Amino acid sequence: MTRRADALAETLLQGATALAELAATLTDAEWQTRVPRDGRTVGVIVHHVATMYPLEIELAQAVAGGNAITGVTWQAVHEINATHAREHAGTTREEAIALLRTNSTQAAAALRAFTDEQLDRSAPISLYFDTPLSAQFFLEDHAVRHSWHHTARIRQALAQGVPAAV
């Protein structure tokens, strides 16, 4: 394990822990609150973050191996998110938090296995118009940042008193 990989893993776990701790304190109405500019409920978003960790790590491992990421577009991401939201609309707080804890722990372990050389390796990434980007960038912009981003958006929605889904 390198110091860089460990630091990334710790940041990922801090974000996932913050999201899990926030989720554990929510009322049923807050769990069903729709997040502005996103449209999904808080509960679906918590489950979504947990569900995405394995894919985000897999894609970063591909880049770390020098392999281009192809066929991944923002349109595809939006479709995946919409399908996930429909399929997991009834997710419970307990199952979403458990999945978040399990998948973030596994993601951090996988992240710790990256070498500095792998973190530095770049490959074209279709999500960024085939720009060659490093595995570290991809990890930071996706798996590491994901829970931090959504935790902030959830806190903002709850502070604004956005109504729950009907």
| query | By counting other Cβ atoms within 10 Å of each Cβ, how are VAL63, VAL42 ranked from fewest to most? | reply | VAL63, VAL42
| Environment charge at ARG40 (Cβ cut-off 11 Å; Lys +1, Arg +1, Asp -1, Glu -1) | +3
| task | Would you work out the relative contact order for the chain, in percent, from Cα pairs under 8 angstrom that are 6 or more residues apart? | result | 42 percent
| message | If neighbour count is taken as other Cβ atoms inside 10 Å, put ILE80, ILE57, ILE97 in order from fewest to most. | response | ILE80, ILE97, ILE57
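For THR70 and GLU87, calculate 0.36 nm times their separation in residues minus their Cα-Cα distance, and state this gained length in nm to one decimal.
On the way: separation 17, 0.36 × 17 = 6.12 nm, distance 2.57 nm.
So the chain would gain 3.6 nm between THR70 and GLU87.
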| query | Taking amide hydrogens as modeled 1.01 Å from N in the peptide plane, which residues meet the under 5 Å criterion relative to LEU133, leaving out close sequence neighbours? | reply | ALA123, ILE125
| query | Residue by residue, what Karplus-based ³J(HN,Hα) values in Hz, rounded to whole numbers, does the range 147-156 have, using 6.51, -1.76 and 1.60 with θ = phi - 60° and x for Gly and Pro? | reply | 5, 4, 4, 6, 4, 4, 5, 5, 4, 4
| query | Roughly speaking, what is the stretch gain from GLU117 to GLN156, that is 0.36 nm per residue apart minus the C-alpha to C-alpha distance, in nm to one decimal? | reply | 10.2 nm
| request: Mind putting a number on the dipole of the range 3-160 about its Cα centre? Charges go on the C-beta only, +1 for Lys and Arg and -1 for Asp and Glu, and I need it in Debye to the nearest 20. | output: 300 debye
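Each reported figure results from applying straightforward, stated rules to the coordinates on display, with no laboratory input. These numbers were taken from a predicted model, which means no experiment stands behind them. Glycine also receives a Cβ, built like all others from the backbone with ideal geometry; neighbour counts cover every protein chain displayed.
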